[in-house]
Structures are given as C-alpha cells and as structure tokens.
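S.K.: Before anything else, here's the structure in question.
The values are calculated or read from the model by the stated rules, or taken from the named source; none is laboratory data. Every value quoted in this text rests on a predicted model; they were computed, and no experiment measured them. Note that we place each Cβ from the backbone using ideal geometry, even for glycine, and neighbour counts take in every protein chain shown.
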Amino acid sequence: MSETAWKARRLAGLREKPNAQVLIIGGGINGLATFRDLALQGVDVVLVEKQDYCSGASAASSHMIHGGVRYLENGEIRLVKESLQERNRLLSAAPHYVKPLKTTIPIFSVFSGLLSAPIRLFTHAQGKPNERGAILIKVGLILYYTFGRNGGTMPRHRFLGKKKLKESCRFFLEELKTIRF
C-alpha cells in the first residue's frame, strides 16, 4: 500500500469517528503512554502523529528506565519516589521490555562527600557534585531501595572489593589495558 493510500485510509477512519473524548497530538513516549492509560480506562481516545511513532525526541533517548537515583543528591525525594513508582509500574506492566540492568560504579574512596552531601541535600545546591565515597553511596542506595524496592522485584546492590571486582570484570579490565588515549 502506498503512503498516500495509507494516509487516506487513516484520515477516513478519523472522519468516521470525529467525536472522540480525547485527541492526543504526538506519538512520542508521553503521547503513547497517555493513549494507553486512557484506553485502559475505557476513554474514547485518538492519537495522531505526523511521522512514525517515537520517531522524534523519543527515538533519541537511551530508553533506560531509571528510578531517579540521581535526584537523591539534590534532595528531590518526591521526584525519586515518583520515578520509582513509575519504574515499578513498568516492571509490572511490561516485564518483557523492562529488566533490571547490572551497573558497575567505580568508587575510589570511602569518605569522600560526607561533609558536602548533607549541605547539598538540605540547601538544594545546584552544580556538579564532588566525588562520592563508599559510605555516601551506601547510604544513598539504602534510601533508594527503601523508597522503591517493589516487594523484592529489584535486585539489591552489592559492593565488591578490589579482588572480587577484578574477578567479575576481568574482560573489561583487560580491554582497558589495550585502550590508550
């Protein structure tokens, strides 16, 4: 079917049902999520998109569904809770698309950031944070999991010492030796 015929068929479908309760313009991630939510509630909804679904800004994202852990250091607790609730809803609604991703974060000190972090948290200071040490990261992750562990569906974090890290990341560490800038 040609593109012109396809567009004509779609427009004819809209003309047959011109009195939808809601018209959503834009088929990006927010438009599609709104469409899905309203359709599941039984609302008569129409979504229009000028190109392909998720072809604009939504196509350029990392598609990573994070729980807002980065908002912790700015003291945006409400935003962390909202992000975790949304992530947990997506884990329940689409487990075939949303999966926990193992991430390794190198930590180079134990105590870094202990004095500056509380100041940033309570004053909502902006800008690039200082280095974060193991104690600060551990406290942040405990808070994070307290807000959104979702009944144990998310794996807990693990701290690895140098020896275990080298064992578990052997390939990665060998690759680092060969990369020179």
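S.K.: Counting only residues that are modelled with pLDDT of 85 or more and within 30 Å of Gly133 (Cβ to Cβ), give me the helices (runs of 4 or more DSSP H) lying completely in segment 1-100 with at least 2 of them. Full working, then the answer.
M.R.: On the way: elements: 3-16, 29-40, 77-93.
The helices (runs of 4 or more DSSP H) meeting that bar are 77-93.
S.K.: So, one more: Give me a count of the residues in segment 144-153 that are surrounded by 10 or more Cβ atoms within 10 Å (Cβ to Cβ) and at pLDDT below 75.
M.R.: We begin by selecting, within segment 144-153, every residue surrounded by 10 or more Cβ atoms within 10 Å (Cβ to Cβ); these are 144-145, 147-150, 153.
Filter once more, keeping what is at pLDDT below 75: 149-150, 153.
Summing the residues that are surrounded by 10 or more Cβ atoms within 10 Å (Cβ to Cβ) and at pLDDT below 75 in segment 144-153 gives 3.
S.K.: For segment 53-69, state whether one or more residues are among the small types (Gly, Ala, Ser), surrounded by 12 or more Cβ atoms within 10 Å (Cβ to Cβ) and in contact (Cβ under 8 Å) with a residue 60 or more places away in the chain. Break it down stepwise before answering.
M.R.: Filtering segment 53-69 for residues among the small types (Gly, Ala, Ser) gives 55-62, 67-68.
After this cut, where a residue has to be surrounded by 12 or more Cβ atoms within 10 Å (Cβ to Cβ) as well, the list is 55-56, 58-59, 67-68.
If we keep only those that are in contact (Cβ under 8 Å) with a residue 60 or more places away in the chain as well, we get 67.
Yes, segment 53-69 has at least one match.
S.K.: Follow-up. Give just the number: which of (1) farther than 28 Å from Ile137 by Cβ; (2) in contact (Cβ under 8 Å) with a residue 40 or more places away in the chain does Gly42 not satisfy?
M.R.: (2)
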